[in-house]
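The values are calculated or read from the model by the stated rules, or taken from the named source; none is laboratory data. Predicted model only: the values in this text are computed from it and were never measured. Positions of Cβ are generated from backbone atoms using ideal geometry, with glycine treated the same way; all protein chains shown enter the neighbour counts. To get the accessible areas, we keep the full protein, side chains included, count just its heavy atoms, and leave off ligands, DNA and RNA. Shrake-Rupley method; radii C 1.70, N 1.55, O 1.52, S 1.80 Å.
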Amino acid sequence: MNRIQKIFQNRTEKVIPFFTAGYPEKEDTVNMVIAAEKSGAAMVELGMPFSDPVADGPVIQKSSQNAIENGVTINWILETVSDIRQQSEIPIALMGYINPILRYGLIKFMQTCSEVGVDGLIIPDLPPEEADEYLKSSKKYGISPILLVAPNTSGDRIHNISKMAGDLIYCVSILGITGNGGFDYEELKTYLNHVEKNSKCPFIVGFGIKTRQDVVAINKMAHGAVIGSAIIQEISKD
C-alpha cells in the first residue's frame, strides 16, 4: 500500500498544495515540501515543467518556463523526490504531460518513480482510452494513476475512470485551465454529488481554488482540495 492509498482510507479534510518543481529556484523545492508538511498538508503535487502545458493557466505556465530556464529536468525532479524522502513521508504526486515521459521512457520512468518514493501521477493530456500501458505499469510499480474527470463527464464514464484509477481521481472543478475564474458553489455541489454517486474511489478537486472558504467548502463535498495557482502567485511575490 502506497502513501496515497493510506491517507485516503479515511475521509478527512485534506489540503493538497501544488508546487512547480524547481520554482522559483531549484534549491527551494525540498524546503517548500517540508514546510507544507509541517503546516498540515496531507499530500503534495509537484509539477513537472513542460514547454506546452495545455491544462495550465498563465501563472503556472510562467513558473514552468522559469523552472525550465533553471535547468529542471525529469532526472532532477526524481532526484529531488529522493532527497525529500530523506526527511519526509508525505504522499507525493507528480503532475506532468505525457511527451516528456515517453521521451524518458515510460517503464524506466515508472520504475524510477517507485524507487525514489513517488506515490502518484497526474497526466492531464493522456486520455484513459490511450492509457493501457501507463495503467499497467503504474499498478506494477505501486504508483497511483490519478485520472481526471470534469463537470461534463457522464456518470458511466466517471464510474469507468474511477475503476481504472483504483485509488484516487481528480475532479477538475471548471471547464478550463488552472487559475481560471472561480466556480459556482451550487453548480460544484451538483457536480461533486454526481461524482460521489458514480465513483468507485476517493476524489479530490482542483482548478480555481483560491481561498480558505473554497478549501473548507470543497472538503465537505470531496476527499481533498488542491491549491495551485494561488500558491504560485504567493511564491512569485517574494
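Among the listed pairs Lys6/Lys200; Lys26/Lys62; Lys26/Lys237; Lys38/Lys163, those whose Cα-Cα separation exceeds 27 Å are Lys38/Lys163.
The Cα atoms of the chain cover 42, 40, 32 Å along the three principal axes, with the biggest extent listed first.
Here r is the Cβ-Cβ distance between Asn152 and Ser236 and R0 is 30 Å; the resulting FRET efficiency, rounded to 0.05, is 0.40. Between Glu27 and Glu187, full extension at 0.36 nm per residue minus the direct alpha carbon distance yields a gain of 53.6 nm.
Looking at the square roots a ≥ b ≥ c of the eigenvalues of the Cα gyration tensor of the range 92-161, which shape do they give, rounded for a/c under 1.5, prolate if a/b is larger than b/c, or oblate? Note, shape of the range 92-161 comes out prolate. Accessible area per residue for the range 99-216 is 47 Å², calculated with a 1.4 Å probe on protein heavy atoms, without ligands, DNA or RNA.
Distant-in-sequence amide contacts of Met95, defined by a placed amide H-H separation under 5 Å and a gap of 5 or more residues or a different chain, comprise Leu46, Gly47, Met48, Ile122. The longest part of the chain holding none of the exposed loop GluC sites (Glu not before Pro), meaning those outside H, G, I, E and B in DSSP with at most 13 other Cβ atoms within 10 Å, is 90-238.
Please work out the FRET efficiency for the pair Glu115 and Leu135, using the Cβ-Cβ distance as r and a Förster radius of 22 Å; give the result to the nearest 0.05. It comes to 0.65. Overall size of the range 1-131 from C-alpha positions, given as principal axis extents largest first: 35, 35, 27 Å. Modelled this way, with points 7 Å down the Cα-to-C-beta line, the labels at Ile34 and Ile68 are 3.0 nm from one another. In the range 1-94, Cα pairs under 8 Å separated by at least six residues give a relative contact order of 38 percent.
So how much slack lies between Gln87 and Asn10, counting 0.36 nm per residue of separation and subtracting their Cα-Cα distance, in nm? Here the segment from Gln87 to Asn10 would lengthen by 25.3 nm. Taking all Cα pairs closer than 8 Å and separated by 6 or more residues, the relative contact order of the chain comes to 23 percent. Put a dot 7 Å past the Cα of Ile107, heading toward its Cβ, do the same for Asp125, and the two dots end up 2.5 nm apart. Set the Förster distance to 35 Å, then compute FRET efficiency between Lys220 and Asn160 from the Cβ-Cβ distance, nearest 0.05. For Lys220 and Asn160, the calculated efficiency is 0.85.
With contacts taken as Cα pairs under 8 Å at a separation of at least 6 residues, the range 103-238 carries a relative contact order of 19 percent. Phi angles of the range 213-222 translate, via the Karplus equation with coefficients 6.51, -1.76, 1.60 and θ = phi - 60°, into HN-Hα couplings of 4, 4, 4, 4, 5, 5, 5, 7, 10, 9 Hz per residue; Gly and Pro are given as x.
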